[in-house]
Each structure stands twice: as C-alpha cells, then as structure tokens.
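What follows is a short report on a single structure.
Computed from the coordinates by the stated procedures, all read-outs in this text should not be read as laboratory data. None of the values given here were measured: they were computed from a predicted structure. Please note: Cβ atoms are built from the backbone with ideal geometry, for glycine as well, and neighbour counts cover all protein chains shown.
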Number of protein chains: 2
Amino acid sequence: MQLPFNLRKANLKVVSLLSGGIDSSTLLYWLRSQENIDEIHALTLIYGQKHQREVDAASTIAKRLGIPHTVVDISAIKPLISKSALTSEQPVPEALETAEYYETLKATVVPNRNMILLSLAVAYAITLDYNAVAYAAHWSDRGIYPDCREEFVEAFQRAVQIGTDQPITVLAPFVRYDKADIVRIGSELGVPFELTWSCYKGGSIHCGVCSSCRERKRAFQDAGVQDPTTYER
Amino acid sequence: MQLPFNLRKANLKVVSLLSGGIDSSTLLYWLRSQENIDEIHALTLIYGQKHQREVDAASTIAKRLGIPHTVVDISAIKPLISKSALTSEQPVPEALETAEYYETLKATVVPNRNMILLSLAVAYAITLDYNAVAYAAHWSDRGIYPDCREEFVEAFQRAVQIGTDQPITVLAPFVRYDKADIVRIGSELGVPFELTWSCYKGGSIHCGVCSSCRERKRAFQDAGVQDPTTYER
C-alpha cells in the first residue's frame, strides 16, 4: 500500500478533528508522518454521542503520540441536531446487508455535522495562530454523508477563506481513499487499532452489528490486515 | 426609506439568528413582513459573550412577535474562540474616533463566528424540516468582519448546499444596507428599539463608549430616527 500523496504545502500548523475511531486516529498518525507539518493539535468535540468510549479512545491516541489534545463538550447543541439516531432517543439501527442498508444508515446522519465541527476547528486554528484544519473524510462515506465529499471540502475551504480573510488550508487527505485503504495506511504507520473505538452503541466491547462496527470489520477484511477488535456478535 | 427587496422565493421556513441587538431584531420584523415566509423560528446562541443582557433582549423581542425562540448555551466553545475581547479577559476597547479605530475594533472579531452560528442554524433548520436560515449581516460591518460580506454569504450557501445535499437558502437581506438603513427599516416596521441591546459591556444601561454603543448612536443620528436609548456617557 502506497501512503497518500505527501503534502506540498510547507510549515502547516494543523488542528485535526479526532473522534477516536480508525479514520481520525490514522489521520493523526499520517499528519505526524509529514515533514511539512510543524505543529499538530488534536480537537475532540463531544456533540451528544451516546457514549464516552470514543472520547476516551481519542485521549489515549493523542497521548500515545504526544500531541496536545483539547476536548470540548458542545452537547448543549443536541436539540439542534436531534434528528439523528446518534444523538436522540431513536435506536441505533442494526445495519442489514440489504437494499434498505442505505436507508437505515441515513438515520445516523447528523445534520451538517462536519461543517459545525470544522467551523469550530477553524476558529481554534485562528486562536492558536495555526493555518490549517484536518478531518478524516473518506471515500466510503461519500454516498451517505455529503459533507465527506471532495466538493464539500473545496466549497468549505472557499467559504472559510472568504469568511475569515485568512489562508486557512482544509486538509482531507483520505477523501479519495476508502476505509480499507485507511486501515492499510494505518497499519504501515503503526496505528494501535486496538485502542480505537468505532461502535455507535458504546458498550464495554464493540457490538459488531451496528453500521459502524460492520464497516470496521469489513475494512480490516478488505485490507487484509488482522482485526484486533473483540466483537460481541 | 424603501424597505429591502421582497423575497421572490416562496414557502420559506426560516431559522433566524437573533442576538437581541438592533440588526437581528429588525431582521425578525422584516422576515415577519414577508408574505412568502411560512414559518420563522428565532435562534439565540450564547457563545461566551460577557453578559446576559442581549439574551434577555432577544427573548423579549421574540415574545413580542409571538415567534418561537430557542436559546442554546454553547459557551463551552469559549476556549476555542478566546482570541476575541468579547469572550476573553481582554478589556472591551473603547472605540476612539481615530486612525486606530479599525485596529481597536479588530479586538472584537470572534474568529469564524458567523460560520459557527450559521452552521448550527442550518442543522436546526434541517431538524425542524425548514429550508432557510437568516442572519443580519450588513454593509457597515463588512470592513472589519469578513463573514458579513456578500461573497461570504454566497460561498457559505454553496458549501451548505453541497455539504447537506439540501436546497437550504441563506438569507442576509441587509447585506447591502448600512446600520442607519436598518434603523430606518426597523422604524417603519415598528421595531421596539428600546427593548434591544447593543452594548458590549452589559451594565444596567448602555455604556455609550464601546464600539457597539457608538455605532448604535451614530445609526440613529444618520437615520434621523429618535434614539430611545439611555446611555451612561
């Protein structure tokens, strides 16, 4: 597996969104591998997810890398985004491998999530005198989450540059890679996958049947990388 | 004074950002005057301003109009935006009418503020099954606040439409009007200016010397509308 392109921009100081899952953890390791990046600050925003598990995973990953990490609880916004199963009383759907799969998944879309998270990351970057933000949007999510598409990254970057009058760079290096690619990249970079957390349910071990667990399982299989995760089912 | 253009888009359901100042209060009255608007919901986001006064003003204005109003306290984000005098321990600058005026004012720029507030308004619009958001960006703010410029409104709307895959309209009807125009418009629409709040300091009456108070005074003078405000100085 080839690592993604190297950054040509030099002297970047990056606020990187970190959820504690495979994608954003691998992103942090990838940013760390880039010679052109001078500073990295990880930012975890708690926006009303059902569980604390992924926040703990995020802290563990940042600590492992020695990267400063800020956690901010913005779960007060829950009433504004309560249409999603991830933040409301709706049950998290068990993903069936049928034609209904995408319809089921749609219940996990948090309205405008990445724009909210990235907007806060941009504010923080300006506060820290940084000049870039990063998030782990990737190709496998593009069907269901429009804010993971490359067109969004470009449109968002344009809005940010106009709205702040500052040359903030928006990095989404995995936007053309799928989740199996990310597992391969992470494997080469030595990401401790066993410390990451994907399950939407947030029990003591991964449930194995929510859409996020299924995607995690499949990514390891497709990547040909051994999956260190213990699943309930 | 001619009222701004009428909206040509029909059947809009709008989440409107309401701070409790002159501009956003007039915006609410203006939206209310539009035949094409079916629903209005006011949204006040507390992001770490120094005082509660403008939030109380917002509630009073919304109640006066009989418009539903949601207040969400997102002041947990304060560490992310703490570069601004409005949200940190820096003193609020007394605006001097000198060449340093704009430099002084820059201390009141909250990094990426409008994008953060609008992103949350968009999420709420989707949650409510609404199709528009509105904010009171205006011409007098364009020099110092890049996120009050028409180019930003357009770039943001594009990013939102791509990022949510929904035809959300971003309304900023005052974007080509200055604050004195807004006072004239508000006067024609019967906005109870005495209930609005502008002062950055948040005492029991308007201080009269912060940049926001000075702009309030000047807007009434330039508009030729009687200023009902009591100022300390």
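Brief remarks on what is shown
- Backbone N within segment B:135-151 under 18 Å of label point (7 Å from B:Arg176 Cα along the Cβ vector): B:135-143, B:148-151
- Placing a label point 7 Å from Cα along the Cα-to-Cβ direction at B:Asp222 gives distances to the equivalent points in the other copies of 5.6 nm, listed shortest first.
- Modelled this way, with points 7 Å down the Cα-to-C-beta line, the labels at A:Lys78 and B:Lys78 are 2.2 nm from one another.
- Cβ-placed point charges (K, R +1; D, E -1), dipole of segment A:12-223 about Cα centre in debye, nearest 20: 360
- Candidates A:Phe174, A:Phe220, A:Phe152, ranked by Gaussian network fluctuation over chain A, Cα under 10 Å, top entry: A:Phe152
- Between B:Val71 and B:Glu188, the FRET efficiency estimated from the beta carbon spacing at R0 = 25 angstrom works out to 0.35.
- Dimensionless Rg over Rh [the protein assembly as shown; C-alpha; Kirkwood]: 1.00
- Annotation for B:Arg64, label-to-label distances across the other copies: 5.7 nm (shortest first, one decimal, point 7 Å from Cα along Cα→Cβ).
- Chain A: angle of helix A:22-32 to the longest principal axis, Cα-based, in degrees nearest 10: 20
- Theoretical FRET efficiency, 1/(1+(r/R0)^6), r = Cβ-Cβ of B:Glu151 and B:Arg233, R0 35 Å, to 0.05: 0.45
- Placing a label point 7 Å from the Cα of B:Asn36 along the Cα-to-Cβ direction, the residues of segment B:138-167 whose backbone N falls under 16 Å of that point are B:167.
- Normalised convex hull volume, segment B:39-84, alpha-carbon set, Å³ per residue: 73
- Applying the Karplus relation 6.51 cos²θ - 1.76 cosθ + 1.60 with θ = phi - 60° to segment B:180-190 yields 3J(HN,Hα) values of 5, 4, 5, 4, 4, 4, x, 4, 5, 8, x Hz, where x marks Gly and Pro.
- Inter-copy label distances at B:Ser75, using a point 7 Å along Cα-to-Cβ, come to 2.0 nm with the shortest given first.
- Most mobile of A:Thr44, A:Thr127, A:Thr196 in a GNM of chain A (Cα contacts under 10 Å): A:Thr127
- Helix A:53-65 axis, angle to chain A major axis (alpha carbon atoms, nearest 10°): 40
- At an R0 of 45 angstrom, the distance between the Cβ atoms of B:Lys63 and A:Lys63 translates into a FRET efficiency of 0.40.
- Most to least packed among B:133-141, B:30-38, B:10-18 [average Cβ atoms within 10 Å]: B:133-141, B:10-18, B:30-38
- Residues of segment A:121-163 with amide N under 16 Å of the 7 Å Cα→Cβ point at A:Leu195: none
- Selection of trypsin sites (Lys or Arg not before Pro), segment A:159-197, meeting DSSP coil and at most 14 other Cβ within 10 Å: A:Arg176
- Projecting the Cα atoms of A:His51, A:Asn114, B:Ser16 onto the dipole axis of the protein assembly as shown, where Lys and Arg carry +1 and Asp and Glu carry -1 at the beta carbon, places A:His51 farthest toward the positive end.
- As a size descriptor, the averaged projected area of the C-alpha convex hull of chain B was calculated at 12.0 nm².
- Note on chain B: lysine pairs with Cα distance below 12 Å, sequence gap of 8 or more or different chains, count 4.
- Rel. contact order, % - alpha carbon contacts under 8 angstrom, at least six apart, segment A:12-223: 26
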